[in-house]
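*Asks:* Have a look at this one before I ask anything.
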Amino acid sequence: MDRIRIVGGNHLEGRIPISGAKNAALPLMIASLLTDDTLTLENVPHLADVEQLIRILGNHGVDYSVNGRRESQNEGYSRTINFTARNIVDTTAPYELVSKMRASFWVIGPLLARMGEAKVSLPGGCAIGTRPVDLFIDGLQALGADIDVDSGYILSKAKNRLRGNRYVFPKVSVGATHVLMMAATLARGETVLENAAREPEVVNLAECLIAMGAKIDGAGTSTITIEGVDALSGARHRVIPDRIETGTYAMAVAMAGGDVLLEGARADLLQGALDVLAQTGTEIIPVNSGIRVRRNGAGISPVDVTTEPFPGFPTDLQAQFMGLMTMAKGKSRITETIFENRFMHVQELARLGAHITLAGQTAIVEGVSKLKGAPVMATDLRASVSLVIAGLAAEGETVVNRVYHLDRGFERLEEKLSGCGATIERLSS
Ligand code: EPZ
């Protein structure tokens with residue numbers, strides 16, 4: 001299994017190109033199931049999760065080509081990919097595939113809307129919490145679907161098309177908002193989704209669906225209105241820049257020191273997190289080509305944060321921010337409200353010399369003047385990258401094991417960081 005070796009202590013200087021967002025690309029790819037025309041997506045990141053979803057969609061009959069040709073493995077940065085679901089050959093998403101990536105469960109929305117049926121495996125738990133699917137079931141039932149749960153599968157049917165309705169999410173959910181919005185595009189009549197997720201990825205998906213002929217109003221606010229249409233067509237659409245990758249590298253600069261241009265980044269996609277970073281003493285300068293992040297020798301100020309749905313501080317940056325706070329000049333409190341078990345990085349950061357205590361859903365971080373490199377274990381995607389950025393600031397060598405988590409969500413991580421002067425390499429085994 002590959003490992004990443006880092007020798008900490010270098011400032012980061014230069015530029016890092018920001019890739020297309022994983023969490024925008026995945027639902028956009030799934031939207032290709034809604035039409036028999038070709039959906040062309042630009043700026044799709046080259047990541048293990050994207051490759052896995054290509055395989056899953058292939059199982060339903062979605063054909064794809066990269067820049068007009070079949071893709072050879074392991075090449076390049078973000079790409080343009082054409083997805084064509086001319087014929088849906090299978091409406092079942094089996095356990096073997098869904099269990100590998102939770103987002104693949106989201107195929108239930110388009111399959112049900114277009115084919116009138118879908119049999120999708122329950123995704124099961126994962127490292128960051130139980131992550132139930134009750135909101136998907138309730139919401140699809142509100143649109144008239146018949147749903148049974150049997151032997152680990154959700155069997156859903158909508159004999160005479162889904163029917164528009166009003167649905168109030170009892171809790172904000174990005175995935176359930178994606179799914180109900182996609183399903184409602186082909187339903188009969190009007191759907192109103194209230195307490196919907198406002199994440200930029202929801203807006204990116206809505207814009208794509210609109211380009212495909214859907215009638216959607218209000219994406220980006222908590223009320224989304226969808227007027228169903230009979231069919232959607234193909235379109236060409238661009239994946240937004242990855243706000244989590246942007247925030248991660250901004251925190252890496254804040255922690256290691258230096259001056260880096262995050263090329264192609266958009267400040268409006270993560271203003272809440274950038275405001276918090278500015279409070280730590282990091283300079284955040286939006287420029288035409290992206291965001292410039294700069295920190296000099298002055299210390300890092302501690303800041304308390306609580307994760308929240310957009311536009312609040314994102315849970316997907318919580319681990320990285322905790323990494324930064326381990327070296328702050330004082331005590332900070334980090335509260336996780338989205339997932340109940342997203343503190344797996346605490347023990348690993350402690351191996352680097354961090355002082356963190358847990359009190360329920362809050363981590364109390366006592367800043368230390370330096371971290372010291374050590375072997376650490378990656379537990380999930382964002383936890384893994386928090387260990388990488390802590391390693392960049394730590395004295396000596398850090399080896400991060402189980403880096404396949406990183407490959408799920410960070411395109412060319414070692415190359416991007418070493419291009420800015422970090423000593424970081426992949427050790428293949
Ligand atoms: C998306 O997951 C992201 N994944 C996650 O990023 C991200 O952490 C999360 O949104 C929150 O921002 C993708 O976009 C692929 P949710 P999602 O439904 O949609 C509960 C990463 O590292 N809930 O918004 O699965 C749920 O348990 C990943 O890139 C229910 O209770 O998250 C959680 O507590 C990790 N019932 C809360 O809602 C449901 O039916 C929010 O989860 C659905 C969700």
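*Asks:* Could you tell me which residue out of LEU111, THR35, HIS178 lies farthest along the dipole of the chain toward its positive end? Charges go on the beta carbon: Lys and Arg +1, Asp and Glu -1, centred on the Cα centre.
*Replies:* HIS178
*Asks:* Name the residues whose placed amide hydrogens come within less than 5 Å of the amide hydrogen of LEU262, ignoring near sequence neighbours (fewer than 5 apart) on the same chain.
*Replies:* ILE16, ILE291, ARG292, VAL293
*Asks:* Using a basic spin-label model with each label point 7 Å from the Cα along Cα→Cβ, how many nm lie between SER233 and VAL168?
*Replies:* 3.9 nm
*Asks:* Still on this structure, I have one more. I need ILE364, ILE216, ILE334, ILE226 ordered by Cβ neighbour count within 10 Å, fewest first.
*Replies:* Listing ILE364, ILE216, ILE334, ILE226 from fewest to most nearby Cβ atoms yields ILE364, ILE216, ILE334, ILE226.
*Asks:* Considering only segment 22-238, what is the antiparallel percent among its DSSP beta bridges, to the nearest 5?
*Replies:* 70 percent
*Asks:* Hey, how much of the P(r) for the chain falls beyond 41 Å, as a percent of Cα pairs? Can you show the working numbers first?
*Replies:* Working: 14300 of 91806 pairs.
Value for the chain (Cα pairs over 41 Å): 16 percent.
*Asks:* At 7 Å along the Cα-to-beta-carbon direction for both ARG188 and TYR95, put a label point, then send me their distance in nm to one decimal.
*Replies:* 3.6 nm
*Asks:* Follow-up. First select every other residue whose beta carbon is under 14 angstrom from the beta carbon of SER99; then total the charges, Lys and Arg +1, Asp and Glu -1.
*Replies:* Counting the neighbours of SER99, the net charge comes to +2.
*Asks:* Among the lysines in the chain, how many pairs, 8 or more places apart or on different chains, have alpha carbons under 28 Å apart?
*Replies:* Lysine pairs, 8 or more places apart or on different chains, close enough: 23.
*Asks:* If you don't mind, there's one more thing I want to ask. Between ALA298 and SER418, what length in nm is gained on full extension when 0.36 nm per residue of separation is reduced by their alpha carbon distance? Spell out each step's value before the answer.
*Replies:* Details: separation 120, 0.36 × 120 = 43.20 nm, distance 2.36 nm.
Full extension from ALA298 to SER418 adds 40.8 nm.
*Asks:* For the chain, give me the percentage of DSSP beta bridges that are antiparallel, rounded to the nearest 5 percent.
*Replies:* Here the antiparallel bridges make up roughly 70 percent for the chain.
*Asks:* Compute the signed sum of charges (Lys and Arg +1, Asp and Glu -1) over the other residues within less than 12 Å, Cβ to Cβ, of ASP230. Mind showing how you got there, number by number?
*Replies:* Values: positive: ARG114, ARG161, ARG188, LYS215; negative: GLU227.
Cβ neighbours under 12 Å give a net charge of +3.
*Asks:* Okay, moving on. Listing GLU42, GLU414 from the residue with the fewest other Cβ atoms within 10 Å to the one with the most, what is the order?
*Replies:* Working: GLU42 14, GLU414 18.
Fewest-to-most Cβ neighbours within 10 Å comes out as GLU42, GLU414.
*Asks:* Grab the other residues whose beta carbon is less than 10 angstrom from that of ASN23, score K and R as +1, D and E as -1, and report the net.
*Replies:* Net local charge, ASN23 excluded: -3.
*Asks:* Now for a separate question. Round to a whole angstrom and tell me the spacing of the C-alpha centers of segment 252-279 and segment 323-364.
*Replies:* Going from one Cα centre to the other spans 20 Å.
*Asks:* Before anything else, pin down the relative contact order of the chain: Cα pairs under 8 Å, at least 6 apart, normalised by residue count, whole percent.
*Replies:* 21 percent
*Asks:* With +1 on each Lys and Arg Cβ and -1 on each Asp and Glu Cβ, and nothing else charged, work out how big the dipole of the chain is about its Cα centre, in Debye to the nearest 20.
*Replies:* 280 debye
*Asks:* Quick one: Cα centre-to-centre distance for segment 164-192 and segment 24-64, in angstrom?
*Replies:* 21 Å
*Asks:* Still on this model: As I understand it, the value is the acute angle between the Cα axis of helix 243-256 and the longest principal axis of the Cα atoms of the chain; what does it come to in degrees, rounded to 10?
*Replies:* 0 degrees
*Asks:* Which far-off residues, 5 or more places away or on another chain, put their amide H under 5 Å from the one on SER78, with H placed in the peptide plane?
*Replies:* GLY20, HIS46
*Asks:* Right, next: Add -39500 (n - 2.57) for each DSSP H run of 4 or more in the chain, then divide by its residues: what number comes out at 222 nm, to the nearest 500 deg cm²/dmol?
*Replies:* -8500 deg cm²/dmol
*Asks:* Rounded to the nearest 0.05, what FRET efficiency do GLU263 and LYS159 give with R0 = 60 Å and r taken as the Cβ-Cβ distance? Could you check?
*Replies:* 0.75
*Asks:* Where does helix 22-31 land angle-wise versus the long Cα axis of the chain, in degrees 0 to 90, nearest 10?
*Replies:* 10 degrees
*Asks:* Using each residue's phi in segment 401-411, evaluate 6.51 cos²θ - 1.76 cosθ + 1.60 at θ = phi - 60° and report the 3J(HN,Hα) Karplus result to the nearest Hz, with x for Gly and Pro.
*Replies:* Rounded to whole hertz, the list is 8, 6, 6, 4, 4, 5, 5, 5, x, 10, 6.
*Asks:* While we're here: Between GLU340 and ILE285, what is 0.36 nm times their sequence separation minus the Cα-Cα distance? Round to one decimal in nm.
*Replies:* 16.4 nm
*Asks:* While we're looking at this one, here's another question. Would you work out which of ALA145, GLY218, SER418 lies farthest towards the positive end of the dipole of the chain, given +1 charges on the beta-carbon of Lys and Arg and -1 on that of Asp and Glu, about the Cα centre?
*Replies:* SER418
*Asks:* Right, next: Could you pull out every residue, at least 5 positions away or on a different chain, whose amide H is within less than 5 Å of the one on THR337? Hs are placed 1.01 Å off N in the peptide plane, and Pro or chain starts have none.
*Replies:* THR307
*Asks:* What distance in nm lies between label points placed 7 Å from Cα along the C-beta direction at ASP138 and ARG86?
*Replies:* Modelled inter-label distance: 4.2 nm.
*Asks:* If you place +1 on the Cβ of every Lys and Arg and -1 on the Cβ of every Asp and Glu, how big does the dipole about the Cα centre of segment 169-303 come out, in debye to the nearest 20? Kindly include the intermediate steps, with their values, before the conclusion.
*Replies:* Details: 11 positive and 15 negative charges, 39 e Å.
Roughly 180 debye, rounded to the nearest 20.
No lab work stands behind these numbers, since they all come straight from the coordinates. From a predicted model like this one, the values you see are computed outputs, not experimental measurements. Cβ coordinates were reconstructed from backbone atoms using ideal geometry, including for glycine residues, and neighbour counts include every protein chain displayed.
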